[in-house]
Amino acid sequence: MYTFAAAVFFLIITPGPGVLSAAGVGASFGAQAGTRYLVGLFIGTNLVCLAVVSGLTAFLFADPRLRTVLFFASIAYLTYLALRIGFAGSKIAFIERQKPPGVMGGIALQAINPKAYAVNTALFSGFGFMSGNLLLEITLKFLIMNAIWIPIHFAWLYLGITLRRMNLPERTQRAINVAMAVSMMVVVGLAAAAQF
């Protein structure tokens, strides 16, 4: 169980679309909008977990045409987000939108987030710790994941809010944007490599 918890921590804390966008919403719109967005991410990640555990993901991805369409839609959207972050210039602007994405935006991001599927598949198909009671193991995995997921995502949201308040020099702001964009492109690259 401790190995599972450690894997959850390291897989979730690494920059991916969920945590990067949480920081972005915090930087762009503040705590209230960021919290609403996190509620959507939370619902979305648990829906992805259910899809993985129930076998729905495996069923849908069994059709190579559908898998390819979903893969390229995910890659295109994540690349778009990364480019917007990277070319935001000297302004820290992880996400530039007229209004915050809200709960539905968080759910939608998780639905197309390849990291969410990869992480949940790895965590639920591996790291067994209760071979005699699969239902209890899955229940405990959900509880452990959420207990780790929530504070990590709030920490990233707080990071975004803090960066907004800091009034950093332009060069530093530009470096942060580029680092975030490169991190997202690494996620995109890893997803692409896993596909082929």
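The values are calculated or read from the model by the stated rules, or taken from the named source; none is laboratory data. The structure presented is a predicted model; accordingly, all values stated were derived computationally and were not measured. All Cβ positions, glycine included, derive from the backbone under ideal geometry; neighbour counts span all protein chains shown. Keep in mind that these areas ignore ligands, DNA and RNA; they rest on the heavy atoms of the full protein, side chains included. Shrake-Rupley method; radii C 1.70, N 1.55, O 1.52, S 1.80 Å.
Segment 138-155 and segment 2-74 have Cα centres lying 12 Å from one another. Spacing of the modelled spin labels on Thr14 and Val69, each 7 Å from Cα toward Cβ, amounts to 3.0 nm. In Å, the Kirkwood hydrodynamic radius of segment 1-87 over pairs of distinct alpha carbons? Kirkwood radius, segment 1-87: 15.1 Å. Helix 102-112 axis versus longest C-alpha principal axis of the chain: approximately 60°, rounded to the nearest ten.
Nonpolar atom fraction for the chain, defined as the carbon and sulfur part of the 1.4 Å probe accessible area, stands at 71 percent. Axis of helix 2-13 versus longest Cα principal axis of the chain: the two differ by about 30°, to the nearest ten degrees. Probing with 1.4 Å while keeping every protein chain in the model, the per residue accessible area of the chain equals 52 Å².
Among Val69, Val182, Val19, the residue with the largest mean-square fluctuation in a Gaussian network model of the chain, with springs joining Cα atoms closer than 10 Å, is Val69.
For segment 127-182, the Cα gyration tensor yields ellipsoid semi-axes of 40, 13, 5 Å (square root of five times each eigenvalue, largest first, whole Å). Given in Å, the Rg to one decimal and the Dmax to the nearest whole number for the Cα atoms of the chain are 17.0, 57.
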